[in-house]
1. Can you give the translational diffusion coefficient of the stretch A:437-493 in µm²/s, computed by Stokes-Einstein from the Kirkwood radius over Cα pairs at 37 °C and 0.692 mPa s?
2. Looking at the square roots a ≥ b ≥ c of the eigenvalues of the Cα gyration tensor of the stretch A:296-364, which shape do they give, rounded for a/c under 1.5, prolate if a/b is larger than b/c, or oblate?
3. Give the range of the longest stretch in chain B that excludes all GluC sites (Glu not before Pro) found in loop regions by DSSP and having at most 12 other beta-carbon atoms within 10 Å.
4. Can you compute 3J(HN,Hα) from phi for each residue in the stretch A:528-541, using the Karplus curve 6.51 cos²θ - 1.76 cosθ + 1.60 with θ = phi - 60°, rounded to whole Hz and x for Gly and Pro?
5. Given just the C-alpha atoms of the stretch A:501-573, how large is their convex hull per residue in cubic angstrom?
6. Counting just the Cα atoms, what span does the stretch A:364-450 cover along each of its three principal axes? Round to the nearest Å and put the largest first.
7. Which far-off residues, 5 or more places away or on another chain, put their amide H under 5 Å from the one on A:L161, with H placed in the peptide plane?
8. With labels modelled as points extended 7 Å from the Cα through the Cβ direction, what inter-label distance (nm, one decimal) is found for B:I143 paired with B:E100?
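Coordinate-derived values only; no laboratory data. Quick caveat, the model's predicted, so the values are computed rather than measured. We place every Cβ from the backbone using ideal geometry, glycine too, and count neighbours over all the protein chains shown.
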Amino acid sequence: MSANEELTGAEIVVRCLQEENVEHVFGYPGGAVLYIYDALFNQDRVKHILVRHEQGAVHAADAYSRSSDRIGVCLVTSGPGVTNAVTGIATAYLDSIPMVILTGQVPTHAIGLDAFQECDTVGITRPIVKHNFLVKDVRELAATIRKAFYIARTGRPGPVLVDIPKDVTAKKAVFQYPAEVPMRSYNPVLKGHTGQIKKAVQMILSARRPMIYTGGGVILSDSSRELNELVDMLGFPCTNTLMGLGAYKASDRKFVGMPGMHGTYEANLAMQNCDVLVAIGARFDDRVIGNPADFAKHQRQIIHIDIDPSSISKRVKVDVPIVGDVKEVMIEVIRQIRATDVRPDPRALADWWKQIEEWRSRDCLKYDRSSEKIKPQYVVEKLWEATGGDAFITSDVGQHQMWAAQFYRFDKPRRWINSGGLGTMGVGLPYAMGVQMAHPQATVACITGEASIQMCLQELSTCKQYRLPVKVLNLNNGYLGMVRQWQQIEYGSRYSESYIEALPDFVKLAESYGHIGMQITRPADVEGAIREALSRKDRTVFMDFLTDPAENVWPMVQAGKGLTQMLLGSEEL
Amino acid sequence: MRHIISILLENEAGALSRVAGLFSARGYNIETLTVAPTEDASLSRMTIVTVGSDDVIEQITKHLNRLIEVVKVVDLSEGSHIERELMLVKVRATGKEREEMKRMAEIFRGRVIDVTDKTYTIELTGDVAKLDAFIEAIDRALILETVRTGVSGIGRGERVLKV
Ligand SMILES: Cc1ncc(C[n+]2csc(CCOP(=O)(O)OP(=O)(O)O)c2C)c(N)n1
């Protein structure tokens, strides 16, 4: 192709994706994007994955990003294509996941006339994207897509949407992909302030009861290695939030479990009783710190490292804020610690550990192992054993999500894929598809509930088309379990609309999609079933575990309560 | 506390709704908002008057800075500054009130910019307090219509908001 050859907008879109080394696009066609689909048809570098519902496309692209160092891309048509995508976009936004969403729009001359399949895409998605664009001129298309990728992946990442009217995809322009897109209004700070880092290091080294608390930011900035190094050199206890699991290796004694509403007893007590709290890429979310007034009552100094200034002192006042990329800041913290002989008082640290071990000995995650019924925790434990702790695990939202987070011990980052911020039921299966596309050889398991799985169930068909051998573990308790648990604890056991009647026969359902279906009813069969399913390397397997309907997630900090006011079991109700 | 926040942002379609949307989505207060292009047509200058605790104002400036199209943000009320607002008031001006109204406008250094045999339209510029004082000073029953632009602000002396 000569340098000045003109391409159609649709061809430009595809060329941009190629320039960004995009291998997979998750999408669903419709009128407004037909030129783009035509351009996709004429090449084979960018592969398109046809989902069964746009929500699935966005979730899959989201998980593609979460589980890898690449950026998930999805493509949907105007109007209903966009509105179906909204849940997925908001889900990615709340967890700061980089993603590019390309949407078709009615032709520019029809915009604003209530045209067929028109909606104000930029307006609808504005509050749930990092940024969005409407491209009205084909000559701006390439630079805009370049900007979208750049904005999505830099700074605090997030989804970026590019809305492209149909006529723009038909018009022609010279294709030129800019190497850089300087923006005077967008320059994320990467390096932390040296003076602040120095202060933080002094505080860390004089801590007597330290605690390191990290969130999704450590995963997003790929700084798990630095975190492990920091924790190991200091010998400090470490907790990872729901979004941060795997950032520090869970198999190490220094890992005290997850904090928060369903965090461990030892993690929550250490969060409250430490004298120096080092928060890294975490945002003091209400599900993590409980009641902020109660949290603040406990005297401690707080260091907060985050790329987003607006996350700092949003819910909790901090003493040493450091704005910067957590990876770069941690590298500098480690360097400064190495450069000095000062170390935290070993006796104080030993006493602190003694205290933490005492808390740990409460064994807050214990459950009845002699039950005749299948305990959901047991299923997750067996999955962990059978996969050597090395699988990619996606989950939906509910009790099963918490059990997965508590009982599958993640030693590596980007292995635990779930919707933490928005808490979107339905993500589990499309998440598993996205992960499997990014890691074709890996074991990918989706831990779900019989309610959540039905929210994007149609994607079983996509699994069939692309032979995605994901393993679905349905922890079937017959209830909207998490809702039932709240109703039991806070609403006098009045189970209003939390029982799902008329469940399908999941075995037949799976089989009807061409997959393997299994139903497991006895604890003794759990391990065998999981091992058998895992051995079917090239098949999608749906395991329907009939679990104890009365089981609850413990510990639990009720909404609005302080972190130390934990319920540890049903006997406390 | 009342704050005057000045924003330089890209003069692009939709930039205004991003700012307005941010305020409504996060429950921040907008007392007035004005916006227009600057001498550099690619940039708009916006002035927002808002009320909030120091914590809230800190979050507002941080979130404004987070918007991709926002180039710069300052809280003018942090230093010495000037604020001005333009008001147009249409009043009933008949009989002896006709003279009185003209006199009031002069006291407040307003100008009568439109005249009919029954009405005056008075143009008045000043800070919020002055415009409020004018409204208080004249007979309310005579006011037919008021239009206010909202506050525009600028730093004093060498205090400059520029790219
Ligand atoms: C889309 C959506 N709707 C509603 C909810 C509220 N919600 C949270 S957990 C839950 C029940 C989930 O039930 P199930 O998938 O069976 O999981 P379990 O809690 O039983 O493990 C509901 C309804 C939600 N998180 N997402």
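1. Details: Rh = 13.3 Å.
Rounded to a whole number, D works out at 246 µm²/s.
2. Details: a/c = 2.23, a/b = 1.29, b/c = 1.73.
It is oblate, given that a/c is not under 1.5 and a/b is not larger than b/c.
3. Numbers: sites that count: B:E39, B:E158.
Segment B:40-157 is the longest.
4. x, 5, 5, 5, 5, 4, 5, 6, 7, 4, 9, 10, 6, 10
5. Details: hull volume 12.5 nm³, N = 73.
So the per-residue hull volume is 171 Å³.
6. So the extents along the principal axes, rounded to whole Å, are 39, 28, 21.
7. For A:L161, whose amide H was placed from the backbone, the distant partners under 5 Å are A:I101, A:H131, A:N132, A:F133.
8. 1.6
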